[in-house]
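Step one of this worksheet: look at the structure below.
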Amino acid sequence: MPEEAAQPVDTHNNPESRAAESGAPTSVARASAGGPPPRDAPKSGDLPEQETGGTADGNPVAGVTISTADEQDETPRRTTSRRQQQQQRDAANAQAENDRVNALTNQVEQLNGQLNQMKADQRALYDLERLTRAEQRTEDLRRQLREITDKEFQYQERLAEIEYESQSDSIQRRAALIGTLNPSAVREAISQQLERERARIQKQLELLAASHTRLEAAVASADAEVERLRQRVDAADAAQQQSAPAPDAATNGTTNAAPQPVPTPTPAQPPI
């Protein structure tokens, strides 16, 4: 008995499958996350309608709700990072400002130091000039004092001569040299002449004594002024030498220090 050919079995061609297909509702596919339902395909020859929303506008995430948890976590971190960056910028700006202030302060201090040095140099030069003038004035006063002393000595010698000539014997001898018929009148005239000269010389000696006293006081004051100015000049020179920077060891043997101004020496005082 020949074998029958095997017939293919359709798994859907049975009463159960047909009953399930007839009773099951037609499912409609929808876009994810609540998107609009797909439409039927256009008929042959019709163009698809232009979509104005969703992914048709070029936004691939249109209609899709994205979780904001990451954004909520990222916002504090960004705020903290921005705050730190701002703080760093503020700190850098404050440091730069402090550096500028320090630089300006140093420049001001250097300028003040240079200005003070210039003032000290000017005071030293002024003191030197005053010292020179004071020494010249002292020398001039001493010269005047010597002249007055010489005049006093001359007047005193003449006064001694008048005292000798005022004696009776001297007047008699002088009157004898004059030929006259009245010798007593000649002697009286000689005596009066010597008295007038004595009074004039004594008046001159009084004036010279007052000038001598005044000049002695002026010379003493001038000497004190010279000594005071000399001490100031010496102190200024010592302070300038102390404040001067030490020369470099490498250039110590090749460079010489600038010469410091020295006061004019006081001339020797002549004996009075």
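Numbers at a glance
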| read-out | value |
| --- | --- |
| Some residue of the stretch 238-252 being surrounded by 13 or more Cβ atoms within 10 Å (Cβ to Cβ), modelled with pLDDT of 80 or more and either among the acidic types (D, E) or not in a loop (DSSP other than H, G, I, E, B) (or both) | no |
| One residue from L141, L145, L115 being without any contact (Cβ under 8 Å) to a residue 24 or more places away in the chain and part of a helix (DSSP H, G or I) | L115 |
| Which listed residue is at pLDDT below 90 and either over 60 Å from the mean Cα position of the chain (by Cα) or farther than 30 Å from Q117 by Cβ (or both), from R174, R196 | R174 |
| Y155 being of a type in the set (F, W, Y) and without any contact (Cβ under 8 Å) to a residue 40 or more places away in the chain | no |
| From the options T149, T213, T180, residue that is surrounded by fewer than 17 Cβ atoms within 10 Å (Cβ to Cβ), polar (S, T, N, Q) and at pLDDT below 90 | T180 |
| Number of the exception - N116 against (1) at pLDDT 85 or above; (2) closer than 30 Å to A238 by Cα | (1) |
| Residue pairs meeting the criteria (Cβ under 6 Å; at least 6 apart or on separate chains; first within 28 Å of Q144 (Cα to Cα) and crowded, with 16+ Cβ neighbours inside 10 Å, in the stretch 188-210; second modelled with pLDDT under 95 and among the basic types (K, R)) | I201/R158; L208/K151 |
| Residue in the stretch 119-136 that is under 30 Å from L229 (Cβ atoms), surrounded by 14 or more Cβ atoms within 10 Å (Cβ to Cβ) and within 17 Å of the chain's Cα centre (by Cα) present | yes |
| Unmet criterion (only one of (1) surrounded by 13 or more Cβ atoms within 10 Å (Cβ to Cβ); (2) closer than 23 Å to T213 by Cβ) for A160 | (1) |
| Subset of the stretch 137-161 [of a type outside the set (S, T, N, Q) and under 24 Å from R228 (Cβ atoms)] | R137, E139, D140, L141, R142, R143, L145 |
| All positions within the stretch 211-225 that are closer than 19 Å to D150 by Cβ, of a type in the set (A, V, I, L, M) and touching a Ser or Thr at 6+ places or on another chain (Cβ under 8 Å) | V219 |
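The values are calculated or read from the model by the stated rules, or taken from the named source; none is laboratory data. What you see is a predicted model, and the numbers here were worked out from it, not measured in a lab. Please note: Cβ atoms are built from the backbone with ideal geometry, for glycine as well, and neighbour counts cover all protein chains shown.
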